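Report on the following structure.
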Amino acid sequence: MPITDSFAPAADFAPVAAGGLAALPAGGVTADVLASGGSAADNLSGFPAWTVTIMETLGPTGVGFMVFLDNIFPPIPSELVLPLAGFTSSQGQMNIVAAIVFATIGSVVGAVLLWALGKWIGIERIARIAVKMPLVDVDDVHKTVDWFDKHGDKAVFFGRMIPIFRSLISIPAGMRDMRLTKFLLLTTAGSAIWNTILIVAGFTLGENWSVVETYAGYFQNVVIVAVVVFVFVWIVFKIRKQRRKKAAGLDTTEDDHIEPGEFEV
């Protein structure tokens, strides 16, 4: 047997050391590693390797734990965690249905904690703080509350599928005292759809799971840009409004008082 043939497996691993998972050759080094008793995390590094190790160690419970952390600590992105859960399932380390179920449980538990936080803080306390902030008045708070009262159900459901809002939407739901049963139903449905899409995509792509993260990252960037543009336009509008009031001799601080019970449901 030629010497080069005897060292062919080692050649397969060279791109991994040089370029990480993205450099894996077609045919799947990971499958070979697993066949020899290795781990799906062997060809990963950093946070992905740590995440897959937790999932392999704890099974679907590890998926639920990571998604729970994603909900209460948004810098941990579900756009990374969920495809990794699908990837781990594709390597035979975990049942994909169980991964989806526990991911959804983790989402709901995290969301309920934030709902409880919002309920504990209360809308009036936040309103009193908000009207003390530059450019914000009572009318802005009323418009925001009225919008949530009108669109809250859709906001909670679709918010579970939108980066940034995924975690934050639970807080105003608690502040407006949305019934827990309704909140659980909407959150579970929205989370189950989002989790299923990303986990199945990671499972289908296998070693190329990072493709999901890439495109989900594009979506997240679009959301971030949209939020920044909205905030910028809102600030410009409020500054112009205040200037017009001052030019007309109106007091711009007269509407900063919140009456007790003003925002009762």
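Descriptive notes on the structure:
- Breaking point among (1) surrounded by fewer than 18 Cβ atoms within 10 Å (Cβ to Cβ); (2) modelled with pLDDT of 90 or more, for T204: (2)
- Restricting the range 207-252 to residues that are open to solvent by 70 Å² or more (accessible area, probe 1.4 Å) and among the hydroxyl-bearing types (S, T, Y), the residue that is modelled with the lowest pLDDT: Y215
- T104 being under 26 Å from I193 (Cβ atoms) and at pLDDT below 90: no
- One residue from K150, K154, K119 being open to solvent by 70 Å² or more (accessible area, probe 1.4 Å), under 14 Å from G190 (Cα atoms) and not assigned by the TED database to the domain that holds F237: K154
- In the range 166-185, of all residues being free of Cβ contacts under 8 Å to residues at least 24 places away in the same chain and among the β-branched types (V, I, T), the one that is least open to solvent (accessible area, probe 1.4 Å) corresponds to I169.
- Among the numbered conditions (1) at pLDDT 75 or above; (2) within 19 Å of A130 (Cβ to Cβ), the only one that E259 does not meet is (1).
The values are calculated or read from the model by the stated rules, or taken from the named source; none is laboratory data. All figures in this text were calculated on a predicted structure; none of them were measured in a lab. Cβ: placed from backbone, ideal geometry, glycine included. Neighbour counts: every protein chain shown. Heavy atoms of the whole protein, side chains included, go into the accessibility calculation; ligands, DNA and RNA do not. Shrake-Rupley method; radii C 1.70, N 1.55, O 1.52, S 1.80 Å.
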